[in-house]
Amino acid sequence: MCDASILRCRSSAIVYFHGATMLSKLLLLLCLTEHVFAKEPPDVDCIVVHVSSVQCFWNKQGTPDVNYTISSWFINEAPSECVTYLSDNSTNIGCIRPYKKSQRFSSFFTKLTYGGSTFQTLHDLKAKVKLNPPSNLSVQNGSDSNLWYYWNQTSPSCVESEVRYRINNKKWQTSEVSVGRQQYCINLPSSNSQYELQVRSKIGSDCGESLFWSDWSEPVVWGSNNGTDPNQPDNSMIVWTAVLSVMGPFTLILLVMMLLHHERLRIIFIPVVPKPSLIHHDIENWLQMSKGLKEGFKASYNERACPVREYCHVSQSDSESSNSSTFSVTTDQTDCSVFIPSNESEESTPCSSSSEEEQVSV
């Protein structure tokens, strides 16, 4: 009996020892992995507002569950606790601290604290400057019949601006204004239209360009809008569209009919291209010569016959009845006559002797 009791006591002690060992190991594991399950701290974003203050926020991922405190400083400065907090439902979400001129070109540090945990961040504020919207925006119809807009902004020599305007509440049109200018001109505005203009600004490249534009200024309006609905379509365009859609096909059909029924118009608009050919009558048709001109080029082989009568020289011995010693040879005085002189060579063609004139045909 005693041996059995001793065995039971030993078994209980062993079980208790193993249980305590497992519990201690579990607690040790939880302590070692506590940082893994801990929630990461929120990101801190800082920006220079209108070159007068630095504003930092840590609610980018939403309002935090706990109230953090923050301290900040520029390089070569001592850390300073935030004086002015920005809150949401009594939970701190941001801080505003003073800013001195040109400090944005120096490194800036923040340290977020909750309980015994601190989270430090380094910031570069050079390009993180956001100006306030331009103020005192006004409009004036100048003596040159142009519309002039004027406004005021801090440090105009370092600020570039952008304007946007719209006419009769239609689509906005934007235009950039060079650094240093605080005015804008709209050429020859219509007195029957309404012009609305807004301006925004940012630090220009000459002074360390910023990434952020200011918010748009309050709009300034000039003129009157005679239209009732800016989205209403133009009635004149509707009328012209209807007229062209009806008259277009009608005009096309009329032209086709004229081309089909009027040979002259068809030749003018659609000339016939001749085919090259060596046939004589094709060339004549291509040249389109007049009938009288064609007849003038035709050869005529019919000529009027011309009768010729010749009186030959008769010697004295051959004709006793003749008293003259010589006879002159003449021809009939017609259009075809030829005159033969009396002293012509004796080698001329002989003629038969006769006292009467003889007719010779050639």
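The values are calculated or read from the model by the stated rules, or taken from the named source; none is laboratory data. Nothing here was measured: the structure is a model prediction, and the numbers come from that model. Cβ coordinates were reconstructed from backbone atoms using ideal geometry, including for glycine residues, and neighbour counts include every protein chain displayed. SASA here: full protein model, heavy atoms, side chains in, ligands and nucleic acids out. Shrake-Rupley method; radii C 1.70, N 1.55, O 1.52, S 1.80 Å.
Scan the range 136-149 for residues that are open to solvent by 50 Å² or more (accessible area, probe 1.4 Å) and either within 28 Å of residue 102 (Cα to Cα) or hydrophobic (A, V, I, L, M, F, W, C) (or both) and jot them down. Within the range 136-149, 136, 148 meet the criteria. Beta carbons closer than 7 Å, at least 6 apart along the sequence or on distinct chains, pair a first residue in the range 70-86 that is touching a residue at least 40 places away in the same chain (Cβ under 8 Å) and of a type in the set (Ser, Thr, Tyr) with a second that is surrounded by fewer than 14 Cβ atoms within 10 Å (Cβ to Cβ) and not in a strand (DSSP E or B) for 71/79.
Could you list, in sequence order, the residues of the range 150-159 that are open to solvent by 40 Å² or more (accessible area, probe 1.4 Å) and under 33 Å from the mean Cα position of the chain (by Cα)? The answer is 150, and nothing else.
Which members of the range 163-184 meet the condition of being among the hydrophobic types (A, V, I, L, M, F, W, C) and open to solvent by 40 Å² or more (accessible area, probe 1.4 Å)? 167, 172, 179, listed by residue number. Under the condition of being touching a residue at least 24 places away in the same chain (Cβ under 8 Å), under 15 Å from residue 210 (Cα atoms), open to solvent by 20 Å² or more (accessible area, probe 1.4 Å) and in contact with a Ser or Thr (Cβ under 8 Å, 6 or more places away or on another chain), the residues counted in the range 119-135 number 5.
Only residues that are open to solvent by 70 Å² or more (accessible area, probe 1.4 Å), more than 15 Å from residue 100 (Cβ to Cβ) and in contact with a strand residue (DSSP E or B) (Cβ under 7 Å, 6 or more places away or on another chain) were counted in the range 55-82, giving 4.
Quick one: in the range 95-106, of everything that is in contact with a Ser or Thr (Cβ under 8 Å, 6 or more places away or on another chain) and surrounded by 12 or more Cβ atoms within 10 Å (Cβ to Cβ), which residue is nearest to residue 40 (Cα to Cα)?
By that ranking, first place goes to 95.
Please verify whether residue 197 is open to solvent by 60 Å² or more (accessible area, probe 1.4 Å) and modelled with pLDDT of 85 or more, treating the condition exactly as stated. No: the conditions fail for residue 197.
Might you check whether a residue that is among the β-branched types (Val, Ile, Thr) and within 20 Å of residue 43 (Cβ to Cβ) occurs anywhere in the range 159-179? Before the answer, list the steps.
Here is the first cut: in the range 159-179, the residues among the β-branched types (Val, Ile, Thr) are 159, 163, 167, 174, 177, 179.
Now drop any that are not within 20 Å of residue 43 (Cβ to Cβ), which leaves none.
For the range 159-179, residues among the β-branched types (Val, Ile, Thr) and within 20 Å of residue 43 (Cβ to Cβ): absent.
Pairing each residue of the range 174-193 that is assigned to a loop (DSSP other than H, G, I, E, B) with any residue that is of a type in the set (A, V, I, L, M) and at pLDDT 90 or above, provided the two are 6+ apart or on different chains, yields C-beta distances under 7 Å for 179/159; 189/147; 193/167. Residues of the range 242-279 that are at pLDDT below 60 and assigned to a helix (DSSP H, G or I): 263, 264, 265, 266, 267, 268, 269.
Quick one: would you say residue 47 is β-branched (Val, Ile, Thr), at pLDDT 90 or above and either within 25 Å of residue 215 (Cα to Cα) or surrounded by 10 or more Cβ atoms within 10 Å (Cβ to Cβ) (or both)?
yes
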